[in-house]
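Here is the structure we will look at, set down as structure tokens.
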Amino acid sequence: MFGSIFKILWRMDREQNIERFVNLLKRSRRGNLKIYIGMIAGVGKSYRMLQDAHELIRNGIEVQIGFIETHERPETAALIEGLTVIPRKKLFYKGKELEEMDLQSILTIHPEVVIVDELAHTNVEGSIHSKRWQDVLDILDAGISVITAVNIQHLEGISEIVSDIAGFEIKERVPDSLLADADEVVNIDLTADELLTRLKSGKIYKQDKIHHALANFFKPETILQLRELALKEVALRVEKKVISTIPVNSGIRHEKFLACISSHEKTPRKVIHKVARLATRFNASFVVLYVQTPKEHPDKIPLANQRYLSNHFKLATELGGEVIQIKSSHVSKGIIKACEENQITTVCIGKPELGFISLLYSLFIYRWFVNRLYKFNIDLIVLT
């Protein structure tokens, strides 16, 4: 009895979601973006996208498949029947024929909605863009709505957290700004037990790959941590949309974070990631600041550090931040200047690594720095 009630409620919720998406399509000139997030492969993202396609068609909306990956799962493959699939583009790379989503054909055919799987995918050399998420931006700009999917481990803003969980770095990433701009973000949730049952029964991978999966990404403790990340991420997006409806003149302080970085390789990346997450949590904007001192003049700074800075600026932009460069004889004075000019409410710095003599000098500068921040009612966070 309760199972039947649950199915009816689940069906009603899905029908309401589809109706809401249909209304969005009718109102918008730029394409609408709906993103399904999963904690891991096999939770049913592709299946749900294809279900959406059939329901939208029943509602009179033209839907075509730009790219879908069934992974040879029978239930997913069966849902392709009756849908129009735009042929993939064939490219040759290192002597092999490979297939990619045909962006140009999608733009030419111009359906109302297109299904695009594997959002974090890296395109083969010779494609219009290096990343599929960049293809999606072109499709949206052309006025075509997109339903797509991505696993939580591919989000740029939590890449370091995922690396700690998985034990290795995830190379293919999607900027957080894509989720921030999405019209709908939906989490496909399964319990760890449900997911492992699907895996062991061969519904995710073939039998010869199951043992390897269980020994790596599909460990119960890994699944639980990734599931928590996915649930928190979608909750943050929902909360952010609610907070964004609060008027600016409501008396609530609107946060603006300043991430202070150097030209080093690792610490600035951590600072940028953490500040981007803070900004998302508080529905705030953030600025990444690099203060160029005389000793880091372009003629003096090593090429490696120039490359690190370029990568840091690119990361900040992908995560939705603004990049500022200031020339100053003292880093602390440059930070205060940036705070005054950009209405900063919170300054975030990495933990300094200093020798004893440098520490004595820095204590004097630090006292002046903190007093200036206090005068302007600016908070200071030291990130470790």
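Points worth noting:
- Any hit, region 75-82, residues being under 19 Å from ALA149 (Cβ atoms), in a helix (DSSP H, G or I) and free of Cβ contacts under 8 Å to residues at least 24 places away in the same chain: yes
- Test: residue in region 235-250 that is modelled with pLDDT under 85 and touching a strand residue (DSSP E or B) at 6+ places or on another chain (Cβ under 6 Å): yes
- Residue in region 3-13 that is in contact with a strand residue (DSSP E or B) (Cβ under 9 Å, 6 or more places away or on another chain) and either at pLDDT 90 or above or not assigned by TED's automatic domain parsing to the domain that holds LEU226 (or both) present: no
- As a summary of the residue check, PHE286 satisfies the conditions (1) over 23 Å from the mean Cα position of the chain (by Cα); (2) at pLDDT 90 or above; (3) not assigned by TED's automatic domain parsing to the domain that holds THR76; (4) not polar (S, T, N, Q) except for the one numbered (1).
- Total residues in region 299-335, condition under 30 Å from the mean Cα position of the chain (by Cα), farther than 25 Å from THR346 by Cβ and basic (Lys, Arg): 1
- Residue among ILE128, ILE115 that alone is assigned to a strand (DSSP E or B), in contact with a helix residue (DSSP H, G or I) (Cβ under 6 Å, 6 or more places away or on another chain) and assigned by TED's automatic domain parsing to the domain that holds GLN51: ILE115
- Residue within region 110-133 that is charged (D, E, K, R) and more than 26 Å from LEU236 (Cα to Cα) present: yes
- GLY157 being in a helix (DSSP H, G or I) and of a type outside the set (Lys, Arg): yes
- Members of region 201-234 found to be more than 30 Å from THR280 (Cα to Cα) and either in a helix (DSSP H, G or I) or in contact with a strand residue (DSSP E or B) (Cβ under 8 Å, 6 or more places away or on another chain) (or both), listed by number: GLN207, ASP208, LYS209, ILE210, HIS211, HIS212, ALA213, LEU214, ALA215
- Flag if LYS131 is surrounded by fewer than 18 Cβ atoms within 10 Å (Cβ to Cβ), of a type in the set (Lys, Arg) and more than 25 Å from LEU196 (Cβ to Cβ): no
- Residues of region 284-308 satisfying the condition of being part of a loop (DSSP other than H, G, I, E, B) and either under 30 Å from VAL234 (Cα atoms) or of a type in the set (S, T, N, Q) (or both): ALA284, THR293
- Within the option set GLN225, GLN153, GLN207, being among the polar types (S, T, N, Q), more than 30 Å from ASN32 (Cα to Cα) and surrounded by 14 or more Cβ atoms within 10 Å (Cβ to Cβ) holds for one residue only, GLN225.
- Residue in region 111-122 that is more than 27 Å from GLY42 (Cβ to Cβ) and surrounded by 14 or more Cβ atoms within 10 Å (Cβ to Cβ) present: yes
- Annotation: of all residues in region 29-57 being surrounded by 24 or more Cβ atoms within 10 Å (Cβ to Cβ) and β-branched (Val, Ile, Thr), the one that is farthest from GLN225 (Cα to Cα) is ILE35.
- Looking at ILE365, ILE336, just one residue is under 22 Å from PRO294 (Cβ atoms), assigned by TED's automatic domain parsing to the domain that holds HIS264 and at pLDDT below 90, and that residue is ILE365.
- In region 253-283, residue farthest from the chain's Cα centre (by Cα) [restricted to those that are part of a loop (DSSP other than H, G, I, E, B) and touching a residue at least 60 places away in the same chain (Cβ under 8 Å)]: ARG253
The values are calculated or read from the model by the stated rules, or taken from the named source; none is laboratory data. Computed from a predicted structure; not experimentally measured. FYI the Cβ positions are ideal-geometry reconstructions off the backbone, even for glycines, and counts take in every protein chain you see.
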